[in-house]
Structures are given as C-alpha cells and as structure tokens.
Amino acid sequence: MAFHDVDLSYGRWDNQQLYRIKDFALLGEQYADTSEANYVCLATQTSVERLNSLPQVSANWQGKMSVALFAAGHEEFVVLQYFVTYMRLCFVNIRENATFHILVPRDYDKLPRVEAVPYNMKGKFDCQYPDRTMKALLKFRTLKTLQWRQRNTYPQNHMRNLARKGCQTKYVFLTDIDIVPSTNSVPQLNHFFRTANCSKLCAYVIPTFEIDIRAMFPRSKSGLLRLIKKGLARPFHEKVFIYNQYATNFSKWLSTNTNETEVSVSHIVTNFEFLYEPFYVAVDNVPAHDERFLGYGFTRNSQVYEMHIAGYKFYVLSPVFTGHWGLQRKQARPAWREQQNNANRRKFDVFKSEIFVRYKNDPRLLLKAKKNQIIVK
C-alpha cells in the first residue's frame, strides 16, 4: 500500500473523540519480520515540519521504527505523502524498517483540500538534502492551515501512545523525532536485551546530550567525551531546565569506561527528581501517557512520575547515548507555550491525586511517616 491509498475519512477514535487514528497506514517492507534478533523497536512521533529529522535518526538506528505522524489537515497530509515517499526512495532503512501511523484532528475534513504538489516542486527532491526538500514542501501549506495549527495544541501524548503500540518487539525505545541514537545502538541493545533479566519493574535510561551544530555527531562514548571537554556537547537541558535530566547522574555515567563496546548497566537512578523525563527502553507494559495533557508541559514527566509511583526502577545504560542538535539557551517562551504549560499544570494536580490512589502510594505520607519516626526516636 502507498500513502495515496490511505483513506482518512475513517479510522478509530481516540478516547475523547478529538482525533481520528490510522494504525499501520504504511508498513515497512521488512517490518513484519519476526526475527528473534530484534528485541528493541524505536517508537517516535512528530508533526509534519520536523519529519526531516528521521533520515538522520534512521542512519544511526538500523532497525525497526514505529513513527506516529500528525497531519493538521489535508494539505499537511499531502506534504506527508510526498516526503514519506521521498524518504522511502532515498533511504533503504526507512523503506524497509519504518512503519507509519497517522493521527488527524476531528475537523480534518473542514480544512482546505488539495490534490497534489505542483509538478515544478519535484525537482527539489534531492536525496542529499532532506531539510531542503521539507522546506520546499512546507511552503505548500496555506494560511488557513497554519492558523489552525497556532490555535490548536499538538497532542504529544496521543502521538507517543500511538507510536508505542505500533512496535512489535518485546522492548520499546520511546523518543521524540529530533533525538538521534548513537551509532550501532541496535546491535548493542539487541545483544544486551537478549539476556536481560529484570524480575521487577524496570526501565533502562539512555542518556541524552546536546551537541553543538558545528560538531560532527560522535561515533562513540569516548568521542562524545572529547566534545564535552571542548564545550561542544553537554547534558540535555542542562542550561535550560536542569531537573529535566538531572537524576540520570551524567557525572557518574561519564566517569565509567569510555571504551566499552557491549552495553551494560552503568548505575541505578537513586536521586529521582520530580519533573525527571529521561528517554528509556522498557517492555511496553509501562503506564500509558495520559492524553489529558495536550501541547507542552507535563506530557512526558507525568508518565515517568507515574512509573516512579508504581515502583519502577531506572537503570542507566552505557555506552549507548542519544544526541539532540544545538546547545540550548534560556530564552523567553512564546505566550501560547506558557499558556499550555499552565493549563497542564492544573491538570497535573488531579492526575497526581489519581495515581496516588491507584497505586496506594503517596510519597507525601511516606515522608510524613519518616519524620514522625525521627521525632519518636
């Protein structure tokens, strides 16, 4: 099946009937391969304008990928058709191993309809320049579609759940589209998980680093360490929001053997912080991402917090890592993003009370009990 055969006039609803979903809209040629060598699938999600990150992700992740795509309207769906076709023609790993799922808003049919990208744009489809190809295609969107995107929130947690459930392996590595895995991650992780035996609730954290756009993506942990010493790489969100990844304990990870080739557990996360949101590998029986959280704020960290309350342990793996391009700096967030964050913060209070009841585990009561024990002594 090709993308132009996909009929978006029907599909399953999400739980709130806000979005229509097409599972397995386009299947990778080798995706259904049930080889026992495949233990881990990469699950990722994106809106149309960031899909150009997938070629680099797939260059490093030579294995199965479940990709959830959001199309705000028919124009964006046509752009997706062309760009996915372009990627499948240009990049063998995407053609063979990437499977795509689509999510569209309930009012998808009310946005402008188009039939095809103008013929004169086809000359811009150069396999060496996915960014340039996407930029040319994005010009095809009309003002009405762009205005809809500005007024409506991106359903991040719907997308994450969709990508997760599209994986057909025992373990799922859930990321965002602009998170690039280290080279050779697939064979290294397959080897590790072939014998991994976790008797408890386990999640395996893969550390994430920001990489200066002037640098080459490091091919090993030792190469990453060299970039850090030159000031060309650093832990993800270190300057913008340190609690995002702080509990990973990057210092400990970097102090371990940098020449190792086989994946092992570097250490266990012992200083869990609220708002921690690592990228991790786990069996896909972890709690779902709560779809009440829309847009930005409390989307990933609410799910990780529920895992913590449920009793999951987080094990940091080495030497595998992931990278995100650009050294991020603090800057004023747009008003719409702060509004979404505040709306989700209010939802989080209800969410937190619910999970304390669900797991019969309220950290506030445990802390109070410990304090009382100290007073008695």
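Each reported figure results from applying straightforward, stated rules to the coordinates on display, with no laboratory input. Everything quoted here is computed from the prediction, not taken from an experiment. Here the Cβ is made from the backbone with ideal geometry for all residues, glycine too, and neighbour counts use every protein chain on show.
If the requirement is being closer than 16 Å to Leu317 by Cα and acidic (Asp, Glu), which of these qualifies: Glu273, Glu277, Glu238?
Numbers: Glu273 fails: closer than 16 Å to Leu317 by Cα; Glu238 fails: closer than 16 Å to Leu317 by Cα.
Of the residues listed, the single one that is closer than 16 Å to Leu317 by Cα and acidic (Asp, Glu) is Glu277.
Return the residues of region 260-284 that are free of Cβ contacts under 8 Å to residues at least 40 places away in the same chain and either on the phi < 0 side of the Ramachandran plot or not in a loop (DSSP other than H, G, I, E, B) (or both); say none if nothing qualifies. Give the derivation first.
Step one: list which residues in region 260-284 are free of Cβ contacts under 8 Å to residues at least 40 places away in the same chain, which gives 270-271, 273-277.
Selection gives Thr270, Asn271, Glu273, Phe274, Tyr276, Glu277.
Can you report the number of residues in region 316-344 which are among the charged types (D, E, K, R) and touching a Ser or Thr at 6+ places or on another chain (Cβ under 7 Å)?
0
Within region 102-115, does at least one residue satisfy the condition of being more than 16 Å from the chain's Cα centre (by Cα), among the basic types (Lys, Arg) and closer than 25 Å to Leu294 by Cβ?
Within region 102-115, the first condition is being more than 16 Å from the chain's Cα centre (by Cα), and the residues that meet it are 104-115.
Narrowing further to those that are among the basic types (Lys, Arg): 106, 110, 113.
After this cut, where a residue has to be closer than 25 Å to Leu294 by Cβ as well, the list is 106, 110.
Checked against the condition, which is being more than 16 Å from the chain's Cα centre (by Cα), among the basic types (Lys, Arg) and closer than 25 Å to Leu294 by Cβ, region 102-115 yields at least one hit.
Spot the failing condition for Ser66; the list is (1) loosely packed, with under 14 Cβ neighbours inside 10 Å; (2) hydroxyl-bearing (Ser, Thr, Tyr); (3) touching a strand residue (DSSP E or B) at 6+ places or on another chain (Cβ under 6 Å), and only one is missed.
Unmet condition: (1).
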